[in-house]
Amino acid sequence: MKELKNVPTHIGIIMDGNGRWATKRGLPRNYGHKKGIDAIERTIYACLKFNIKYCTFFAFSTENWKRSKEEIDGIFSLLRDYLKKEDNIFLKNKIKLESIGVLDPFPDDLVAELTSLKNKTKNYDKLIVTFALNYGGRDDIIRAINNLLEKKEKKITEKDFLLALDTKNMPEPEIVIRTSGEMRISNFMLYQMAYSELFFPKTYWPDFDEKHLYKILKKYQKRDRRFGGVR
Ligand code: FPP
């Protein structure tokens, strides 16, 4: 793999296909999510290698509560074990962990684990990994509006609005990837994605690795980003 120039600052990832990956192999859906965590780790290492500064994973959407209790509990326990690991990827590699979305509905111990790791890594700045948890783009926008209304702002600018969103501390994603071949945004960062370059690799998320990301980054370099202008 050749060294990459002009890499994006922020990539967002909609990790789709865990369930289908598992079902195809006659395995329970949660086994697909477990393998999905391995893909998250590979992707984080790839971000370090390619010098990508922000990576945001859509881990649990505001709509994912519609899934069975068994599947939801399974995802929580995977996340819990992942955050509890003593030699976790964040501390080992000085990576900052962040989250977006509303954490209130999650079990208290899970929120405590997440908050603790966020605190322990808050001063790192080489790579910022964000988990979107109980996150929805529409919910983010509505909460931002309500925050601004509370401040009794009369007129707001795009900049004010960006600063009221959960993503206030990060740039907008230049790239959003959705795996599994589905071509939908599914309520990810709706406002922030206005000019993102979209990629829809066919790979199911548990199979995603550094080579897939490299290919996407190479393609991204060839995209002509005009932001509404003319070259
Ligand atoms: C989408 O695949 C995946 C999810 C909704 C959950 C992803 C969650 C994890 C990988 C675990 C979370 C853990 C961490 C560390 C953030 P799908 O189930 O929609 O797949 P399908 O479309 O094939 O059914």
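Every number in this text was worked out from the coordinates using simple rules, so none of it is lab data. All values derive from a computational prediction rather than experimental measurement. With ideal geometry, Cβ positions are generated from the backbone for all residues, glycine too; neighbour counts draw on all protein chains shown.
Take the chain, connect every pair of alpha-carbon atoms lying under 10 Å apart with a spring to form a Gaussian network, then pick out the residue of I13, I177, I145 with the largest mean-square fluctuation.
Between I13, I177, I145, it is I145 that shows the largest mean-square fluctuation.
Among the helices of the chain (complete DSSP H runs), which have Cα atoms covering no less than 24 Å along the helix axis and a Kyte-Doolittle mean of at least -1.0?
On the way: long enough: 29-50 (31 Å, -0.56).
Span-like helices, by this rule, are 29-50.
Can you give me the pair-distance distribution of the stretch 78-174, C-alpha pairs, 10 Å bins, whole percents?
Bins of 10 Å from zero give 14, 40, 32, 13, 2 percent of pairs.
Going toward the positive end of the dipole of the chain, with +1 on Lys and Arg Cβ and -1 on Asp and Glu Cβ, which of G137, N64, A46 do you reach last?
A46
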